[in-house]
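J.: Quick one: the structure is below, and I'll ask about it shortly.
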Amino acid sequence: SKKSWTGRQVRSRKSTTPSISDSCQLKQRDVMKTMRKHIGKISACVDQEKKRAAATGSQLPETITLGFTVRPTGEVIQFDLGNPSYRKGLLFKCLKKTMKKVVFPKRAGSDCSTNLPVRIPK
């Protein structure tokens with residue numbers, strides 16, 4: 001007797017290659033909760049830069065983007081600013097020093113790259 005193929009459900013294959021979204025398990029609310037604890041130090045860096053900018057007659061952009069990579073241990077291992085004109089200098093050094101002290105909750109998964117825009121008040 002032959003088996004009929006009609007009426008059978010087709011099983012979808014699970015991908016054996018890991019995808020980035022699956023391996024990074026850093027939640028947005030954890031990022032926001034952790035960054036709120038350090039907003040004072042981040043603001044201090046920005047305020048220093050605002051004073052320097054005012055002294056030279058220049059202005060800061062409305063937002064700066066903090067880019068960083070978080071290990072599963074919660075440690076920040078890489079830091080960058082999304083604004084090319086601020087990737088060097090005192091603002092960058094101050095923010096990098098602050099981000100080294102930031103520790104996120106431990107979690108499973110792999111390293112997570114995160115971009116966080118920070119609005120700069122006038």
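J.: Label points 7 Å out from Cα along the Cβ direction at R119 and D47: separation in nm?
T.: Distance between the two pseudo-spin positions: 1.9 nm.
J.: Based on Cα positions only, what radius of gyration and what Dmax would you give for the range 31-122, in angstroms?
T.: 13.6, 47
J.: At a threshold of 8 angstrom on Cα-Cα distance, excluding pairs fewer than six apart, so keeping six or more, what relative contact order does the range 22-122 reach in percent? Could you put the intermediate results ahead of the total?
T.: Details: 143 pairs, mean separation 40.3, N = 101.
Computed over the range 22-122, the figure is 40 percent.
J.: Given a 1.4 Å probe and the protein chains all in place, what does the accessible area of C94 round to, in Å² to the nearest 10?
T.: 30 Å²
J.: Here's something else I'd like to know. With a 1.4 Å probe and every protein chain kept in, tell me what percent of the accessible surface of the range 23-99 is carbon plus sulfur.
T.: On the way: 2380 of 4630 Å².
Roughly 51 percent, rounded to a whole number.
J.: Which net charge results for the neighbourhood of E75, defined as the other residues with beta-carbon distances under 11 angstrom from its beta-carbon, given Lys and Arg at +1 and Asp and Glu at -1? All intermediate terms of the calculation are to be shown ahead of the outcome.
T.: On the way: positive: R71, K100, K101, K106; negative: D111.
My count for the surroundings of E75 gives +3.
J.: OK, next. So for the pair T65, L90, with labels modelled 7 Å out along Cα→Cβ, what separation do we get in nm?
T.: For the pair T65/L90, the computed spacing is 2.7 nm.
The values are calculated or read from the model by the stated rules, or taken from the named source; none is laboratory data. Everything numeric in this text was worked out from a predicted model, so none of it was measured. All Cβ positions, even for glycine, are placed from backbone atoms using ideal geometry, and neighbour counts span all protein chains on display. Surface areas here come from the heavy atoms of the whole protein model, side chains and all, with no ligands, DNA or RNA. Shrake-Rupley method; radii C 1.70, N 1.55, O 1.52, S 1.80 Å.
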